[in-house]
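Novice: Dumping the structure here so I can ask a few things about it.
The values are calculated or read from the model by the stated rules, or taken from the named source; none is laboratory data. The model shown is predicted, which means the values in this text are computed figures rather than measured ones. Here the Cβ is made from the backbone with ideal geometry for all residues, glycine too, and neighbour counts use every protein chain on show. Surface accessibility is based on the protein's heavy atoms, side chains included, excluding ligands, DNA and RNA. Shrake-Rupley method; radii C 1.70, N 1.55, O 1.52, S 1.80 Å.
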Amino acid sequence: RTPMNAILGFAELLRRGWQNNPQDTRRHLDTILGSGRHLLALINDILDLSKVEAGRLEVERVPCAVHAVVHEVADIMRLRANEKGVRLLVRCPEALPANVLTDAGRVRQIITNLIGNALKFTLQGQVTVTLRMVASEGAADTTSRLAIDIADTGIGIPADKLDAIFEPFVQAEASTTRQFGGTGLGLAISRRFARALGGDVTVSSTPGQGSTFHVTLDVGPLEGVDWLSPESLVAVTREQSRQDDVHWQFDAGCVLVVDDGAENRELVRLVLESAGLTVVEAHDGAMALDVVAREVPDLVLMDVNMPVMDGYTATRL
Ligand code: ADP
């Protein structure tokens, strides 16, 4: 409930105009934003875990450039690493398949959790993420696995806690929440995701020296797959991050935003207008049809669940 208290408390404070100057306003807004993100992460974790527990976890297996996913996550996390003065490195010492069959979204969540933990529990030194292909342990078969090791030089984990930390809501020390925050859900979720992808998450650690979390993923058959050398892996990643920097601006265009949430419509309107587009709004599917009868927009952003007429029906009509 802590982030919710901060969101409500500071929003109320701003509404009453109790802040003293623009810097205070800005700081309070940052707190609200940060707490909102934290709360969203928490809600996502809890929903993910209940989905797993209810046996409703679905994973997909489509071609995915795992090394690019890992680099993307690391680029985002590097901000936090820099703030703490901890180095964050990604290494691909050997060639890797350009694409493997797995679930990019789930892999991203696993890696985000593990790098996040490594940074959280490391006060100095470095976090190194290493990707390589390994032969399956199941001796006879020739399928291979992708192994991702996340090694840190942090506080480490006592030997008698190495199993328990993978249970939901378990942390190594009673003082962990107070000192580092967190809920004890990240590892439970990461392990379940990895197992759903035919792999696992395990750990080895020396208290006071650091921990290494080992992720393996079963990545399907590799016949006919292109392999990338360590050098070209670096090049591919550079290209990727350049594309992410693009700031969109449109010459003209009309977008119809269909959503029953007034706040959602207002937010989307502000974002699209700042990119040079004009926006028409509708609060349900039926109203969207009325709008389209009068003028044809260049693009429709259609919500799914709405009163009067839902997004699927409106889109079909
Ligand atoms: P949270 O990080 O929210 O507490 P996790 O399930 O991700 O939840 O982790 C459970 C516990 O495992 C942590 O509270 C911490 O005690 C321990 N732990 C996880 N990763 C590390 C790490 N890299 N170094 C030291 N301890 C760790």
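Novice: Got a number for residues in segment 21-42 being over 20 Å from the mean Cα position of the chain (by Cα), within 10 Å of Pro3 (Cβ to Cβ) and either surrounded by fewer than 13 Cβ atoms within 10 Å (Cβ to Cβ) or of a type in the set (Phe, Trp, Tyr) (or both)?
Specialist: Going through segment 21-42 one residue at a time, the tally reaches 0.
Novice: Now for a separate question. Out of the residues in segment 257-305 that are part of a strand (DSSP E or B) and of a type in the set (Val, Ile, Thr), which is surrounded by the fewest Cβ atoms within 10 Å (Cβ to Cβ)?
Specialist: This residue is Thr278.
Novice: Tell me yes or no: at least one residue of segment 144-156 is away from the ligand (no atom under 16 Å from the Cβ), touching a Gly at 6+ places or on another chain (Cβ under 7 Å) and of a type outside the set (Gly, Ala, Ser).
Specialist: Checked segment 144-156: at least one residue is away from the ligand (no atom under 16 Å from the Cβ), touching a Gly at 6+ places or on another chain (Cβ under 7 Å) and of a type outside the set (Gly, Ala, Ser).
Novice: Residues of segment 156-181 being open to solvent by 80 Å² or more (accessible area, probe 1.4 Å) and part of a loop (DSSP other than H, G, I, E, B), which ones?
Specialist: Listed by number, the residues that qualify are Asp163, Glu167, Phe169, Glu173, Ala174.
Novice: Of all residues being without any contact (Cβ under 8 Å) to a residue 12 or more places away in the chain and open to solvent by less than 70 Å² (accessible area, probe 1.4 Å) in segment 1-20, which is farthest from Gln109 (Cα to Cα)? Just the residue, please.
Specialist: Going through the qualifying residues, I end up with Gly17.
Residues are listed down the side, and each one gets a yes or a no for (1) open to solvent by 90 Å² or more (accessible area, probe 1.4 Å); (2) in a helix (DSSP H, G or I); (3) of a type in the set (Gly, Ala, Ser):
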site: Asn44; (1), (2), (3): no, yes, no
site: Ser50; (1), (2), (3): no, yes, yes
site: His67; (1), (2), (3): no, yes, no
site: Ala81; (1), (2), (3): no, yes, yes
site: Val90; (1), (2), (3): no, no, no
site: Pro93; (1), (2), (3): no, no, no
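Novice: Further question on the same structure: Take the residues of segment 95-118 that are out of contact with any Phe, Trp or Tyr (no Cβ under 7 Å at 6 or more places or on another chain) and within 16 Å of the ligand (Cβ to nearest atom): which is most open to solvent (accessible area, probe 1.4 Å)?
Specialist: Arg108
Novice: Among what's in segment 188-211 and is in contact with a Pro (Cβ under 9 Å, 6 or more places away or on another chain) and modelled with pLDDT of 95 or more, pick the residue that is most open to solvent (accessible area, probe 1.4 Å).
Specialist: Pro207
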